[in-house]
1. Mind listing just one residue for me: the one in the range 109-122 that is assigned to a helix (DSSP H, G or I) and free of Cβ contacts under 8 Å to residues at least 60 places away in the same chain and, of those, surrounded by the fewest Cβ atoms within 10 Å (Cβ to Cβ)?
2. Criterion first (at pLDDT below 70 and within 17 Å of the chain's Cα centre (by Cα)) does residue 26 satisfy it?
3. Mind listing just one residue for me: the one in the range 45-74 that is in a loop (DSSP other than H, G, I, E, B) and either surrounded by 13 or more Cβ atoms within 10 Å (Cβ to Cβ) or in contact with a helix residue (DSSP H, G or I) (Cβ under 6 Å, 6 or more places away or on another chain) (or both) and, of those, modelled with the highest pLDDT?
4. At pLDDT 70 or above and in a helix (DSSP H, G or I): does that describe residue 40?
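The values are calculated or read from the model by the stated rules, or taken from the named source; none is laboratory data. In this text the structure is predicted, and so the values were computed from the model without any measurement. Quick reminder, even Gly has a Cβ in these numbers, built from the backbone with ideal geometry, and neighbours come from all protein chains shown.
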């Protein structure tokens, strides 16, 4: 992937890693909310040992996307001589940054689910 392509790949990868990090905890709750019950739902914790790996991947991909949007070629291209020397981001770059922050917040909420998910069962 070239440096001037959008960071959408890293955003999707970080979001998928966040889903993988919460699959052990959110998966059984989602199945229960969908009406699927039984003792086998409580045994869906097979991914729990891999949770730290998924968290590290999610944070790494989010960091990569943020670095590319704030310090990569896309950010440096906004500081051209054509714009009179100002470094104001383009509307597309601004939207990409908003998406990174939105996915980042959603990722943190998904990763923190084991701590606040117990309140859904109470």
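1. Step one: filter the range 109-122 for residues assigned to a helix (DSSP H, G or I), giving 109-111, 113-116, 118-121.
Adding the requirement that they be free of Cβ contacts under 8 Å to residues at least 60 places away in the same chain leaves 109, 115-116, 118-119.
Values: 109: 12, 115: 9, 116: 9, 118: 11, 119: 7.
In this case the residue turns out to be 119.
2. Numbers: at pLDDT below 70: yes; within 17 Å of the chain's Cα centre (by Cα): yes.
Here the answer is yes, as residue 26 does meet what is asked.
3. Taking the range 45-74 as the starting set, the residues that turn out to be in a loop (DSSP other than H, G, I, E, B) are 45-47, 72.
Pick out the ones that are also either surrounded by 13 or more Cβ atoms within 10 Å (Cβ to Cβ) or in contact with a helix residue (DSSP H, G or I) (Cβ under 6 Å, 6 or more places away or on another chain) (or both) and you get 45, 47, 72.
Working: 45: 67, 47: 67, 72: 79.
Only one residue fits best here, namely 72.
4. Numbers: at pLDDT 70 or above: no; in a helix (DSSP H, G or I): yes.
Against the criterion (at pLDDT 70 or above and in a helix (DSSP H, G or I)), residue 40 does not qualify.
Quick grid of which residues meet (1) modelled with pLDDT of 80 or more; (2) over 28 Å from residue 20 (Cα atoms); (3) under 22 Å from the mean Cα position of the chain (by Cα):
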{"position": "83", "(1), (2), (3)": "no, yes, no"}
{"position": "87", "(1), (2), (3)": "no, yes, no"}
{"position": "95", "(1), (2), (3)": "yes, no, yes"}
{"position": "98", "(1), (2), (3)": "yes, no, yes"}
{"position": "103", "(1), (2), (3)": "yes, no, yes"}
{"position": "106", "(1), (2), (3)": "yes, no, yes"}
{"position": "109", "(1), (2), (3)": "yes, no, yes"}
{"position": "114", "(1), (2), (3)": "no, no, yes"}
{"position": "121", "(1), (2), (3)": "no, no, no"}
